[in-house]
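A.B. asks: Questions regarding the structure given below will be posed in turn.
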Amino acid sequence: MKQIYFVIRKITVAPILAFALLTTLHLSGLEQFAPPSVYFQGVLFLTFFPLLAYPMQKHIPKYQKQGREGQRTLAMIFAVVGYLLGITVGLLFHAPAYMLAVYLEYLLSGLLIFVINLCFHKKASGHACGVAAPIILFASFGLYTPAAIGVLITLLVYLSSIKTKRHTLSQLIGGSIVPIFPMLLLKMIFM
């Protein structure tokens, strides 16, 4: 059973769920997400680039020596850099405002997780944050069925994270709450 929990954790990392988010938005019929260029840029910066951290860890001695902790830190760095690149390219090539909001949601959530974990030395779950962000985005765009499916995935992530002793319940809840704040900020700015 423990193997199943590890598989659940591996297939629910933030970049994979970002891919599911982008694919669902692209296929949803929402005009802002219809252009293939918007979709492929999103996949590049929210999925592919953050996933590069995992194979790159082997080639960066500082993070290789740190084991799992180094992997987590490197994953946060690659993710935030990917989000920054997404925003930069999005602005340069006039991405729709909704796509920029997706990039900003991920960037601000990633920065908050980074600050909480590295500056305040609290352990909010980046995994839970990466699961919650798509739910919040789906709900913000009026796509409630995918948001509800996301809630079910969140329950599986909580269970698998606790069973594999990767996170405590408070770390998971803390990580899940993080994406709410960037969305509130984005709504105040753009509404």
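A.B. asks: State which residue is nearest to the chain's Cα centre (by Cα) when the search covers only segment 167-185 and only residues that are over 16 Å from Pro134 (Cα atoms) and polar (S, T, N, Q).
C.D. replies: Among residues in segment 167-185 that are over 16 Å from Pro134 (Cα atoms) and polar (S, T, N, Q), the one nearest to the chain's Cα centre (by Cα) is Gln171.
A.B. asks: Can you give me the number of residues within segment 172-191 that are part of a loop (DSSP other than H, G, I, E, B) and open to solvent by less than 20 Å² (accessible area, probe 1.4 Å)?
C.D. replies: Count: 2.
A.B. asks: Let me ask something else about it. Conditions: (1) of a type in the set (A, V, I, L, M, F, W, C); (2) within 27 Å of Leu143 (Cα to Cα); (3) surrounded by 15 or more Cβ atoms within 10 Å (Cβ to Cβ). Ala34 meets all but one. Number of the miss?
C.D. replies: (3)
A.B. asks: Let me spell it out: the conditions are (1) closer than 15 Å to Thr23 by Cβ; (2) surrounded by 21 or more Cβ atoms within 10 Å (Cβ to Cβ), and Phe48 meets all of them except one. Which number is the exception?
C.D. replies: Failed condition: (2).
A.B. asks: So if I check each of Arg9, Arg72, which one is among the basic types (Lys, Arg), more than 22 Å from Ala139 (Cβ to Cβ), open to solvent by less than 60 Å² (accessible area, probe 1.4 Å) and touching a helix residue (DSSP H, G or I) at 6+ places or on another chain (Cβ under 6 Å)?
C.D. replies: One residue alone meets the criteria, Arg9.
A.B. asks: Name, by its number, the condition in (1) surrounded by fewer than 17 Cβ atoms within 10 Å (Cβ to Cβ); (2) assigned to a helix (DSSP H, G or I) that does not hold for His94.
C.D. replies: (2)
A.B. asks: Report yes if some residue within segment 112-126 is closer than 27 Å to Lys2 by Cα, in a loop (DSSP other than H, G, I, E, B) and open to solvent by less than 50 Å² (accessible area, probe 1.4 Å); otherwise report no.
C.D. replies: yes
The values are calculated or read from the model by the stated rules, or taken from the named source; none is laboratory data. Please read all numbers here as calculations on a predicted model, not as lab measurements. Methodologically, a virtual Cβ is constructed for each residue, glycine included, from the backbone with ideal geometry; neighbour enumeration extends over all protein chains shown. Quick note on the areas: whole protein, heavy atoms, side chains included, nothing else; ligands and nucleic acids left out. Shrake-Rupley method; radii C 1.70, N 1.55, O 1.52, S 1.80 Å.
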